[in-house]
Every structure is written in structure tokens, then in C-alpha cells.
1. In the stretch 1-51, how many residues are open to solvent by 90 Å² or more (accessible area, probe 1.4 Å), more than 16 Å from the chain's Cα centre (by Cα) and not charged (D, E, K, R)?
2. Give all pairs with beta carbons closer than 9 Å in which a residue from the stretch 1-14 that is more than 10 Å from THR50 (Cα to Cα) meets a residue that is among the charged types (D, E, K, R) and in a strand (DSSP E or B); count only pairs at least 6 apart in sequence or on separate chains.
Amino acid sequence: MRSTAFGRRTGLRVSAYALGTANFGTGWGAGAEPGGARRIFDRFAQADGTFLHSADGYRSASRRS
């Protein structure tokens, strides 16, 4: 997998694609069960993925309060 710089001054390189983990778990009534989440994570790691996005929710930019 391609990598890219994480910020301008960190010196860190991360995979060009991020794995969003907000839907890991079913605490909100939907999402991946632990076994399914593990398989997704393992496949991402096998593809040399290194960038995880672990927000617990997302909000559309078009929905402003």
C-alpha cells in the first residue's frame, strides 16, 4: 500500500488509506461484531495499512448546529 506523510513536520508516514473503526462493535444497535471487526482489521494490516481513524461518530459538514 502506498504511504504518505502524516502532517508536515511529524516525520511520520502512514498508509494512503485509513481504516475507519466507528462501526466496529454493536453497542449502538448496528455495526460489525467482534469477529467481523477482527477480520476487517487483519485484512487491512495484511495490506500494510497503518492509519486507523477511531472516531466514535461522524457528523456531516452540511448539518451545522
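The values are calculated or read from the model by the stated rules, or taken from the named source; none is laboratory data. Note that this is a predicted model, so its numbers are computed, not measured. Because the Cβ atoms are built from the backbone with ideal geometry, glycine has one as well, and the counts that use them run over all protein chains shown. What goes into the accessible areas is simple: the full protein's heavy atoms, side chains included, and nothing from ligands, DNA or RNA. Shrake-Rupley method; radii C 1.70, N 1.55, O 1.52, S 1.80 Å.
1. The total comes to 2.
2. Close Cβ pairs (under 9 Å, with a partner that is among the charged types (D, E, K, R) and in a strand (DSSP E or B)) amount to THR4/ARG13; ALA5/ARG13; PHE6/ARG13.
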